[in-house]
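Structure record follows, encoded as structure tokens.
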Amino acid sequence: MEQLKMIWKKGGAPVQPVWDGAVCRCFDGSDKDVDAWLDIVQYGLTEKREDKAFFYECMYSHGELEYDKFFIVECDGIPAATLAVICDYEKKQGYIHMVGCKPEFRGRGIGSNLAYLAACTLVSSGMETAYLTTDDFRIPAIKSYLKAGFVPEIKDEEHKQRWEKVFEIIRKPV
């Protein structure tokens with residue numbers, strides 16, 4: 001099934017995240033950071049722990065990878081989450097790529113902070129629009145994207161129905 005798509009348009013200033021004990025830093029290009037990234041994305045973004053070839057194929061297939069726009073979040077020194085912002089400076093369009101968090105660190109607001117950081121990065125990089133893709137079942141991630149100013153792209157009746165189901169779930173009291 002095709003992934004859902006969300007778009008962002010330059011607008012109001014996003015709220016600066018509060019990391020509450022977590023540390024967000026830029027990816028440094030080292031083998032250690034590649035391994036950290038592979039450890040994170042195996043939980044929900046890939047079916048298993050992939051190898052370094054997968055990293056290079058995945059992360060360099062959407063345009064230039066700028067390390068100052070590629071984030072790793074650590075909790076107590078343990079790599080916990082990641083997100084990359086890919087910028088097309090000619091089109092002034094960003095792409096939010098490979099947003100992931102290890103299960104034991106979910107529910108702490110890290111994803112929301114990363115989504116806000118992505119919006120800040122888009123603004124500071126001169127992007128006018130951006131997009132990301134996600135899956136229907138990634139409800140906490142979708143909530144984070146909505147808070148950061150991303151909105152659903154509804155391109156046909158099937159996507160409209162899928163988004164309606166997502167919003168039904170989001171509106172249900174927990």
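Points worth noting:
- Put simply, of Glu74, Glu50 the only residue that is over 30 Å from Lys165 (Cα atoms), of a type in the set (Asp, Glu), surrounded by 11 or more Cβ atoms within 10 Å (Cβ to Cβ) and free of Cβ contacts under 8 Å to residues at least 40 places away in the same chain is Glu50.
- Single match in Gly94, Gly63 (criterion: at pLDDT 95 or above and either in contact with a strand residue (DSSP E or B) (Cβ under 8 Å, 6 or more places away or on another chain) or outside any helix (DSSP H, G or I) (or both)): Gly94
- Residue list for the stretch 3-37, filter: over 30 Å from Lys91 (Cα atoms) and either surrounded by 12 or more Cβ atoms within 10 Å (Cβ to Cβ) or basic (Lys, Arg) (or both): Trp19, Ala22, Val23, Lys32, Asp35, Ala36
- Annotation: of all residues in the stretch 66-99 being more than 24 Å from Lys9 (Cβ to Cβ) and of a type in the set (A, V, I, L, M), the one that is nearest to the chain's Cα centre (by Cα) is Ala81.
- Against the test of being of a type in the set (A, V, I, L, M), more than 23 Å from Val23 (Cα to Cα) and either surrounded by fewer than 19 Cβ atoms within 10 Å (Cβ to Cβ) or in contact with a strand residue (DSSP E or B) (Cβ under 8 Å, 6 or more places away or on another chain) (or both), the options Ile139, Ile86 yield a single qualifying residue, Ile139.
The values are calculated or read from the model by the stated rules, or taken from the named source; none is laboratory data. Treat the numbers as computed from the prediction; the structure is a model and nothing was measured. Here the Cβ is made from the backbone with ideal geometry for all residues, glycine too, and neighbour counts use every protein chain on show.
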